[in-house]
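No value in this document is a laboratory result; all are computed from the given coordinates. Computed from a predicted structure; not experimentally measured. Positions of Cβ are backbone-derived with ideal geometry, glycine not excepted, and every protein chain shown enters the neighbour counts.
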Amino acid sequence: MALTLIDWLVVIVYFMFVIGIGIRMARRAGGSIEDFFISGRGLKWWLAGTSMVAAAFASDTPLFVTNLVRTYGVSGTWYAVNASINGLLSAFLFAPLWRRSFVVTDAEFREMRYSGISGKLVRSIWAFYQGILCNCIAMGWVILAVLKLGKVAFGLPPEVTFMGLTMDSSLALTIVVLIIVLIYSTLSGLWGIVTIDFFQFFIAFFGTVLLAVLSVHKVGGITALHQGILQSPEGGPNFMRIIPAYGTIAMTFFIVGLTIQWWASPWVDGGIYVAQRILATKNERHAVLGRFWGNLAQYAIIIWPWIVVALCSILLFPASKYPDIAKDPESAYPKMMVTVLPVFCRGIMCAAFFAAFMSTIDTLLNNTSSYMVNDLYKRFFVRNMPPKHYVFMGRLCMLLSCAIASVIALSSSSILRLSMLAFEIAAGVGMIFILRWLWWRINAWSEISSYIAGIIGAILVNIKSGQMVLMNITLIFTPESKVQSIREFFINKISTMSGFPFRITFLALFSTIIALIVTFLTKPDETEHLVKFYNRIKPPGIGWRKIRKIAGPFTLGPDQLQFKWLNFFIGAVFFYSLLYSFGSLPMGYFKVGLVSLAIAAVSGICLWKKVDVNRSERKDGSSGGPARAGNPRQI
């Protein structure tokens with residue numbers, strides 16, 4: 001897809017726009033760590049939530065979804081959509097608790113939750129484990145998407161020469177874009193990032209919708225798409241089902257997702273960069289609605305244009321005629337961009353593509369830097385320096401993490417495989433992340449042991465000798481009639497996508513069991529420390545009954561929210577009915593889609609009335625804005 005001069009002008013104007021916002025926000029972000037990493041705790045729900053989904057909406061995501069759809073059908077995307085369950089839980093249960101903590105990162109929260117040396121240790125371990133290892137792997141697969149798309153989507157020559165240096169053209173393009181991201185993100189901190197993310201989300205979303213509409217037109221309309229998928233050897237009658245058919249691999253993803261995957265995720269309580277956005281909100285109501293909107297947009301709205309494009313790609317580029325796409329299904333998406341988009345739309349789509357890429361990279365850079373500075377450098381190495389010193393170090397750490405991620409990208413070939421690896425490394429920590437909020441007995445050693453068990457388990461399921469050990473253990477409990485099929489699975493399938501449900505189930509159960517055993521073999525945290533934590537966070541549930549007897553009952557402030565299962569239920573009804581309607585209407589199932597949309601409208605109105613962001617402002621006349629005077633960190 002060779003770009004015209006007008007197309008390149010659109011891209012250049014877009015780059016100048018984001019750099020301009022970064023420069024404008026530079027002074028606002030440079031005052032302190034809280035300004036640079038959590039926007040002075042002044043974000044409104046719509047800005048925080050849009051930034052969350054923009055961070056999740058990366059250049060790799062359409063490719064990743066295309067792979068799932070072409071391989072397993074529409075219902076195969078439940079591999080990704082299952083995470084919406086923990087998104088709902090983190091919105092209604094955990095978002096208010098995060099906001100009460102007044103920490104800067106979720107790593108710092110660990111030292112607040114756990115006492116003694118073990119609390120300090122788990123804080124530093126998580127900062128390294130998530131901030132340097134997992135975040136850099138995530139940035140690696142996002143950068144890899146640009147490397148894959150470069151030549152195909154932008155019509156670049158194989159190599160370019162600049163100042164006597166010759167290099168791969170995709171690599172050169174990636175370097176240019178990363179430099180632009182580093183300029184505005186290091187200047188403006190989270191203030192600039194969330195502001196730019198807001199615009200980038202709508203630019204990227206418009207581009208994907210445009211591509212979806214033009215793709216449907218290219219194949220002859222919705223009816224022709226339906227008929228074509230039904231008759232295609234790669235499709236069939238179950239290929240466009242939203243709920244998977246019984247006995248399919250997609251159904252396995254669906255069941256494992258509903259029963260295990262959602263709670264095994266390290267995102268289950270809304271941690272990592274999601275917690276960063278929650279901590280940056282004005283108050284608890286903004287935190288709840290921001291997290292809910294981010295989850296809704298990510299899993300119920302933006303995923304459908306990608307699915308439509310992937311379905312159209314099956315008709316235009318069947319695997320039987322395109323061996324390159326059969327080998328790498330992710331490449332079908334950029335090929336659709338080349339084929340479907342007319343000349344005058346290519347600049348817009350390129351800007352949308354860069355918006356998706358940059359909105360994720362800038363978030364991960366800032367989040368990784370926050371761990372490096374707030375939880376490692378400042379906490380354990382260089383203390384009591386002026387705030388601007390730590391802001392400078394934050395900018396320096398962004399450069400370092402970008403370099404690490406680039407090395408990972410250049411050493412990898414599959415976006416989907418990298419995403420599964422990152423999930424597998426962290427699988428099993430989710431249940432402990434839930435219990436640490438709801439049960440006083442969980443301690444730092446519980447978390448640390450879950451990290452170690454997760455890494456050991458990930459190694460076992462990804463190397464041949466470990467797989468053979470697991471096979472022999474499984475065969476002990478296997479009936480004779482199933483022995484051959486179990487052997488075949490461990491020898492040929494466990495390392496493939498179809499083996500992912502087994503891998504994630506094993507890792508989740510293995511890590512959780514080890515962590516709970518360690519919990520009962522180690523001493524609980526100091527009672528005084530737990531009482532202090534309880535009084536600040538005010539966690540719900542019977543798991544804190546022993547500490548509640550010591551601390552006494554608490555009273556929620558006018559700006560604080562009590563968790564109610566009814567709110568969670570209404571939010572879930574709204575979410576899934578909207579998801580089903582947005583999936584049914586583009587697929588031509590109009591009656592079901594309209595009924596689902598009506599249910600979504602009613603439940604949405606009820607939810608808004610129950611979680612009104614202006615309620616506390618009407619009661620006490622305050623804005624609920626940057627709570628510096630009452631910030632427990634400064635008392």
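Please give me the summed charge of the neighbours of I456: other residues whose Cβ is under 14 Å from its Cβ, Lys and Arg +1, Asp and Glu -1. Show your work: numbers first, answer last.
Working: positive: R503; negative: E424.
Taking every other residue near I456 into account, the sum is 0.
Let me check against my output: what whole-number percent is the relative contact order of segment 183-254, with C-alpha pairs under 8 Å and at least 6 apart?
About 11 percent, as a whole number.
Contact order normalised by length for the chain, with contacts defined as Cα pairs under 8 Å and 6 or more residues apart; what percent is it?
With pairs under 8 Å counted, the relative contact order is 27 percent.
Once phi is turned into θ = phi - 60°, what whole-Hz ³J(HN,Hα) does the Karplus curve with 6.51, -1.76 and 1.60 give for every residue of segment 550-561, x standing for Gly and Pro?
Result, ordered by residue: 7, 7, x, x, 10, 10, 6, x, x, 9, 10, 10 Hz.
For K538, list the aspartates and glutamates whose Cα falls under 20 Å from its own Cα; do not include residues on the same chain fewer than 8 positions away.
D106, E108, E111, D269, E284, D525, E526, E528, D559
So which lysines pass the test for K493, namely a Cα distance under 22 Å, with those fewer than 8 places away in the same chain ruled out?
K327, K464, K482
Non-local amide H neighbours of L43 (under 5 Å, H modeled in plane, Pro and chain starts lacking H): which ones?
T281, K282
Quickly rank 16-27, 113-124, 237-248 as a protection proxy: mean count of other C-beta atoms within 10 Å, highest first.
Per-residue mean Cβ counts within 10 Å order the peptides as 113-124, 16-27, 237-248.
What number, in percent, do you get for the relative contact order of segment 348-475 if the mean sequence gap of Cα pairs under 8 Å and at least 6 apart is divided by its residue count?
Relative contact order comes out at 17 percent.
Long-range amide H contacts for T248: which residues qualify at under 5 Å (H placed 1.01 Å from N, peptide plane, sequence gap of 5 or more or a different chain)?
Result for T248 returns nothing.
From the phi angles alone, apply the Karplus equation (6.51, -1.76, 1.60; θ = phi - 60°) to segment 113-123 and give each ³J(HN,Hα) in whole Hz, x where the residue is Gly or Pro.
Couplings: 6, 10, 9, x, 5, 5, x, 5, 5, 5, 4 Hz.
Can you run phi through the Karplus equation (6.51, -1.76, 1.60; θ = phi - 60°) for segment 188-200 and list ³J(HN,Hα) in whole Hz, with x for Gly and Pro?
Ordered by residue, 3J(HN,Hα) equals 9, x, 5, 4, x, 5, 5, 5, 5, 4, 4, 6, 5 Hz.
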